[in-house]
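First up is the structure itself, then whatever we jot down about it.
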Amino acid sequence: MTDLEICKRIAEIEGETIEHIYKYVLFISRTEDVYNPLTDKAMCFDLMVKYKVSVFHEYDYAAVVCCDSGEAVGGVTLTESPNKAICLAIIEAHKE
């Protein structure tokens, strides 16, 4: 998944209306700012709290898991970016 696809899917999960996509930049209707939880630490943190995302480390392995009522519903192995791993876990948990 490209970074733009990840941002687009997170916006869809959040119920945001995508206003415009310009090259690699996503804009939503409620704000004129760029919508990118991969680079916006505050936005990603808010998503992590909202979707109860946890990071588990064991030896050289790290997993990011999205929880619902204490049960894991989706997870991924930590990638090169913690924000990306958090977003991917949320996407995994909301697969249709």
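A single entry from Cys87, Cys66 fulfils the requirement of being at pLDDT 90 or above and not in a loop (DSSP other than H, G, I, E, B): Cys87.
The number of residues in the stretch 10-49 being exposed (fewer than 10 other Cβ atoms within 10 Å of the Cβ) and at pLDDT 90 or above comes to 2. Of all residues in the stretch 1-42, which are in contact with a helix residue (DSSP H, G or I) (Cβ under 6 Å, 6 or more places away or on another chain) and within 20 Å of Glu80 (Cα to Cα)? Once the filter is applied, which keeps residues that are in contact with a helix residue (DSSP H, G or I) (Cβ under 6 Å, 6 or more places away or on another chain) and within 20 Å of Glu80 (Cα to Cα), the stretch 1-42 yields Ile6, Arg9, Ile10, Tyr24, Asn36, Pro37, Leu38. Figure legend. Inter-residue proximity from the stretch 19-36: first residues under 12 Å from Glu5 (Cα atoms) and acidic (Asp, Glu), second residues modelled with pLDDT of 75 or more and surrounded by fewer than 14 Cβ atoms within 10 Å (Cβ to Cβ), beta-carbon distance below 6 Å, spacing 6+ or different chains. No pairs are indicated. Does Leu47 meet the test of being in contact with a helix residue (DSSP H, G or I) (Cβ under 8 Å, 6 or more places away or on another chain) and under 15 Å from Ile91 (Cα atoms)? Considered against the rule, which asks whether it is in contact with a helix residue (DSSP H, G or I) (Cβ under 8 Å, 6 or more places away or on another chain) and under 15 Å from Ile91 (Cα atoms), Leu47 comes out as yes.
The values are calculated or read from the model by the stated rules, or taken from the named source; none is laboratory data. Note that the structure is a prediction, hence the values are computed from the model and not measured. Please note: Cβ atoms are built from the backbone with ideal geometry, for glycine as well, and neighbour counts cover all protein chains shown.
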